[in-house]
Structure formats: C-alpha cells, structure tokens
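Shown next, in structure tokens, is the structure this report addresses.
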C-alpha cells in the first residue's frame with residue numbers, strides 16, 4: 001500500500017515538474033522571440049526547413065486526400081441525387097477539418113521529430129551548455145526562430161493543402177466521373193464562408209504553436225526526464241514528442257471547433 005502511494009506521489013511530482021518546466025520553456029521562448037536585436041536569417045533558414053522542405057509532402061497529401069473525398073463524396077451524394085453539392089462537401093471537409101489537421105500531423109512527422117532530435121543531440125553533446133557558457137540565450141538562438149517560422153509557414157502550407165485538395169476533388173468528381181464542373185464550383189463558392197476560413201486560419205496557427213512548443217521542449221530538456229542521457233534518451237524523447245504533439249493537435253482541434261462552430 002505504501003509503495004503504491006509512493007509511486008503515485010512520485011508520478012504526481014514529476015508531472016508537476018514537467019508542466020512547470022514546459023511553461024517556463026514557453027515563456028523563455030516567447031521572450032527570446034521579441035527580444036532585440038532581431039535577426040531575419042535564422043528565421044528564413046527555419047522557414048526553408050519547415051515550409052519549403054514540407055511542400056512536396058503537403059502537396060501530394062492534399063492532392064490524394066482531395067481525390068479520395070471527391071471519389072467517396074460523388075458516389076455517396078449521387079445515391080441521393082445531390083451530386084451537385086460535391087464541391088461544397090469537399091471544400092468544407094478540407095477547410096474546416098482535414099486541411100489544418102493533416103497539415104499539422106504531416107509537419108509533425110517530417111519536421112517536428114527532426115526538431116526534437118536536433119535539440120536533443122545538442123543537449124547530450126553539451127552544445128546548449130556551451131551556449132550558456134558564452135552568454136548566448138539558447139531559447140532566442142535555437143528555439144525562437146523555429147517558433148516564428150512555424151507560425152508563418154504552417155498556415156501557408158495549410159492553404160496549399162486546401163487548394164490542392166479542392167483541385168484533386170475537381171479532377172476526380174468532374175474530369176474522371178463526368179460531374180458538373182459549374183455546379184462543383186458554384187456549390188463550393190456558396191458554402192465556404194469567411195467563418196470557415198477564419199476557423200482554418202486559427203486552427204493552423206494554434207497547431208503550429210503546439211507542435212513547435214512540444215517537440216522543441218522534449219528535445220531541449222531531454223536530460224531532465226527519466227529516459228536516460230544518451231542516444232536512447234533522444235530516441236524516446238522524439239517518439240514521445242511526436243505522440244504528444246499529435247494528440248495535442250487533435251484535442252485542440254475539438255476545442256477550437258466547439259468554440260467557433
């Protein structure tokens with residue numbers, strides 16, 4: 001009985017310590033992001049890594065998701081004589097949910113894991129400690145450019161995903177299945193409103209914030225967790241970062257949808 005209480009208490013203290021460390025990490029990163037002097041080059045380098053590096057993945061994912069939506073939507077709506085609403089179904093599915101969520105998940109898999117591993121290796125090789133010794137703020141130098149680049153890149157990647165997905169649905173529903181192209185575009189124009197676009201933008205910004213925060217924090221403080229200090233610790237931190245950030249995105253998606261719908 002006492003051993004069980006000890007384990008529960010240890011888990012509770014470790015959880016509180018982890019939450020406090022994450023909150024302080026976020027605060028230090030935000031302070032580093034607004035601290036002068038401002039350097040554009042690190043941010044541009046991270047935009048190239050997060051944005052340009054993920055473009056092809058987002059392009060092909062958006063294309064095939066739109067094509068699947070067009071295929072499934074056409075056969076489902078045609079049963080009820082509503083195939084003219086295919087454009088609305090594809091566009092709303094992409095803009096409201098699939099676009100921002102799948103974009104964030106793909107960026108987590110491609111860039112978030114690499115971000116965590118990079119910072120974790122810098123921690124175990126004492127490069128971050130060396131920055132502290134040289135009076136260089138590691139939050140401002142390493143993490144803040146990633147946060148700013150993520151907030152700029154991921155909404156643009158989401159827009160690319162939505163645009164390519166709508167075109168993919170058009171190719172399947174209109175070109176391959178010989179649907180009505182005018183009805184496709186008209187239903188999409190009439191159904192997608194400014195509220196839907198606002199929801200898409202808010203979700204993409206929040207998801208970018210979450211994924212950079214979680215992935216960077218897991219790698220930055222890999223030595224403060226019970227995973228060990230070495231290659232195994234970095235690998236377990238990377239796995240945990242991908243899982244936690246992905247679940248956080250899905251939870252945030254529900255919360256934002258319930259507040260804005």
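None of the figures in this text is laboratory data; all of them are computed from the coordinates on show. Computed from a predicted model, the values in this text were never measured in an experiment. Here the Cβ positions follow ideal geometry from the backbone for every residue, glycine too, while neighbour counts run over all protein chains shown.
Comparing 241, 117, 23 in a Gaussian network model of the chain (Cα springs below 10 Å), the most mobile by mean-square fluctuation is 23.
Using only alpha-carbon positions in the range 136-193, the gyration tensor eigenvalues give semi-axes of 41, 12, 4 Å once each is multiplied by 5 and square-rooted (largest first). The calculated Kirkwood hydrodynamic radius for the range 9-148 is 18.6 Å, given to one decimal from all distinct C-alpha pairs.
Stretched out straight at 0.36 nm per residue, the stretch from residue 64 to residue 36 would grow longer than its current Cα-Cα span by 5.7 nm.
Return the FRET efficiency for the residue pair residue 24, residue 193: r is the Cβ-Cβ distance, R0 is 41 Å, and the value is rounded to the nearest 0.05.
So the FRET efficiency works out to roughly 0.55.
With all pairs of different C-alpha atoms in the average, the Kirkwood value for the hydrodynamic radius of the range 171-261 is 16.3 Å.
Checking a compactness column here: for the range 1-53, what do you get for Rg(Cα) / (2.2 N^0.38 Å), N being the number of residues? Before the final figure, lay out the partial values.
Numbers: Rg = 19.3 Å, N = 53, 2.2 N^0.38 = 9.9 Å.
The value comes to 1.94.
Alpha-carbon geometry of the range 188-229: the Rg and the Dmax are 17.8, 56 Å, given in that order. Every Cα-Cα pair in the range 211-261 was counted, and those over 16 Å apart are 45% of them.
Among 250, 94, a tally of other beta-carbon atoms within 10 Å of each Cβ gives an order, fewest to most, of 250, 94. Placing pseudo-labels 7 Å out from each Cα toward the beta carbon at residue 232 and residue 15 gives an inter-label distance of 2.6 nm. Rg ratio for the range 84-197: its Cα radius of gyration over 2.2 N^0.38 Å, N being its residue count, equals 1.57. In terms of Cα atoms, the Rg and Dmax of the range 75-144 work out to 22.6, 70 Å.
Counting neighbouring Cβ atoms within 10 Å and putting the fewest first, the residues 3, 17, 118 line up as 3, 17, 118. If you plug the beta carbon distance of residue 202 and residue 80 into 1/(1 + (r/R0)^6) with R0 = 35 Å, you get a FRET efficiency near 0.60.
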